[in-house]
Structures are given as C-alpha cells and as structure tokens.
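One structure below.
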C-alpha cells in the first residue's frame, strides 16, 4: 500500500535562487500584532488620567495670602526660602494639579499678578492656595 506523500517526502528542501533566505526573527515579525487604531492607547490613557478640581478660597484665606505676599515683598532682599502651593490648570482637560514650589522669591509683580521665583518658576497669584516658610514664624495669623 502506498501512502499519499511517499513520492516527495525525501526530496531536499527547495532553495530559491532569486529570494534570500528569511531569518526566523523576520519570519516571526510577519505574524506579530499591529495597532489597527493608531493613537487609541494614548487616548485611553489620557481619558483615564485624573485631574484635580480647583478649590475656591474664601475671603479670609485670600486676605491671609495677601498678607503673606506683603511680608515677602517687604523682606525680599533677605532671600527667604518659602513654599508655595498653587493650582496648575491642565491644558488637555478640565481641572489640573496642585504643585508645590520651594525656593526664594525673585519678584512679586502685582500688575501682572505673578510671583517669579529665583529658579525661573512663574506662579499666578490667583492660583496660590498656601504660602509657608520660616519667615512667617514671628508673625501671628
């Protein structure tokens, strides 16, 4: 009894004279998955990213922050180290993040309503939620 492939089972493997031999890695790459929806993963990650909501301060806290800014302005030549926590709006979605900057104040511009730190950070005064530092230890608030 003859089997179906007896006539070709012992023949040598054919080698092409026009196409070079493909490596195993290149051959496997043909069957690797691909991203059918380009940018979909990034969109999902952006949607899942959380953003904080801006806290609205009452007038009492705003007055206290203005008092602290005035103290810093009066003693700016002493280069006191302070910690400012402020809200940084997110460019891509509603909300943002609370950021803390530590350093010395270079300038307080009341016209532009910004605090310029010595390290180059510019903080909008209206976004500040707290100001702390050793400079305030002698004052009662």
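Taken together, the values in this text are just the output of simple stated rules run on the coordinates, not laboratory data. Bear in mind the structure is a predicted one, so any value in this text is a computation, not a measurement. Every residue, glycine as well, gets a Cβ built from its backbone with ideal geometry; the counts of neighbours run over all protein chains shown.
Tabulated data
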{"quantity": "In segment 66-80, the residues that are surrounded by 14 or more Cβ atoms within 10 Å (Cβ to Cβ) and touching a helix residue (DSSP H, G or I) at 6+ places or on another chain (Cβ under 8 Å)", "calculated": "68, 69, 71, 72, 80"}
{"quantity": "Residue count, segment 92-141 (criterion: touching a helix residue (DSSP H, G or I) at 6+ places or on another chain (Cβ under 8 Å), surrounded by fewer than 12 Cβ atoms within 10 Å (Cβ to Cβ) and closer than 30 Å to residue 44 by Cβ)", "calculated": "1"}
{"quantity": "Number of the condition not met by residue 123 [criteria: (1) closer than 15 Å to residue 65 by Cα; (2) under 16 Å from the mean Cα position of the chain (by Cα)]", "calculated": "(2)"}
{"quantity": "Set 63, 58: member being surrounded by 11 or more Cβ atoms within 10 Å (Cβ to Cβ) and within 30 Å of residue 111 (Cα to Cα)", "calculated": "63"}
{"quantity": "Per-region count, segment 1-38, residues surrounded by 10 or more Cβ atoms within 10 Å (Cβ to Cβ) and either on the phi > 0 side of the Ramachandran plot or assigned to a loop (DSSP other than H, G, I, E, B) (or both)", "calculated": "1"}
{"quantity": "Sole exception among (1) within 24 Å of the chain's Cα centre (by Cα); (2) assigned to a helix (DSSP H, G or I); (3) surrounded by 16 or more Cβ atoms within 10 Å (Cβ to Cβ) for residue 43, by number", "calculated": "(3)"}
